[in-house]
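The values are calculated or read from the model by the stated rules, or taken from the named source; none is laboratory data. Please read all numbers here as calculations on a predicted model, not as lab measurements. Because the Cβ atoms are built from the backbone with ideal geometry, glycine has one as well, and the counts that use them run over all protein chains shown.
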Amino acid sequence: MTDLQILRSMLKELTQAVSKAFQTPSLPAFILLYASIDILSSLGRPMNKTKHDSEDFKDWVTKYMIAGKKTFDWNANDVYGARCGILHSYSTESDLSKQGKARPLWFSSYSPDKSFFFSQKNVSPKSQLHVDLDEFLKAFSDGVRSFEAAIQHDPIMTMVLHHSKSLAFHVTLPTNQNRGKAEP
């Protein structure tokens, strides 16, 4: 498989897993969503940058989830703060939100197939930012498509992808046609 084919497969796996996880929204679904953004932002970092950091995450959110789209109430700092809160303390609060550098994101969805409201005790209602879950998930999936398009049309992004160690690990699940056969 070429690097681009592996990337397409990985993007499909991530978006399908996130979509499936949010069929019944839960905090672990958010962990998968934020980890997916972490993975994608690591792939999109400059080739000369060896370590992934918060700026890569925020740049990816800004460039692929926010830029050129409708105006959202949330920004990349808010999303990174939400990521830190969920991943580090299973909470809406993070060090960034406690310092006033990010607003806690409280997600809600009223679509018939997944009514959901994210809340937490002992968090000031003034500091919370209510976010439509369906709109946020659409921004993520649109961002993944924009990211894939950017890689396909930008030779430098293609080189970054080629040198990424993330693509060295790829799982191919057996299908009915290749069940039992080892894949190269």
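Here are the numbers for the structure shown:
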{"item": "Criterion: more than 25 Å from Arg8 (Cβ to Cβ) and in contact with a helix residue (DSSP H, G or I) (Cβ under 6 Å, 6 or more places away or on another chain) - qualifying residue of Ser94, Ser36", "result": "Ser94"}
{"item": "Single condition Phe30 does not satisfy, out of (1) in a helix (DSSP H, G or I); (2) over 19 Å from Asp142 (Cα atoms); (3) in contact (Cβ under 8 Å) with a residue 40 or more places away in the chain", "result": "(2)"}
{"item": "Qualifying residues in the stretch 57-76 (those that are aromatic (Phe, Trp, Tyr) and in a helix (DSSP H, G or I)) - the one farthest from His88 (Cα to Cα)", "result": "Tyr64"}
{"item": "Cβ-Cβ under 8 Å pairs, at least 6 apart or on other chains, the stretch 44-56 side modelled with pLDDT under 80 and part of a loop (DSSP other than H, G, I, E, B), far side of a type outside the set (D, E, K, R) and surrounded by 12 or more Cβ atoms within 10 Å (Cβ to Cβ)", "result": "Pro46/Val160; Met47/Met159; Met47/Val160"}
{"item": "The stretch 1-27: number of residues that are modelled with pLDDT of 90 or more and either closer than 20 Å to Ile66 by Cα or in a helix (DSSP H, G or I) (or both)", "result": "11"}
{"item": "Test for Thr92: is it buried (at least 21 other Cβ atoms within 10 Å of the Cβ), of a type in the set (Ser, Thr, Tyr), in a loop (DSSP other than H, G, I, E, B) and free of Cβ contacts under 8 Å to residues at least 40 places away in the same chain", "result": "yes"}
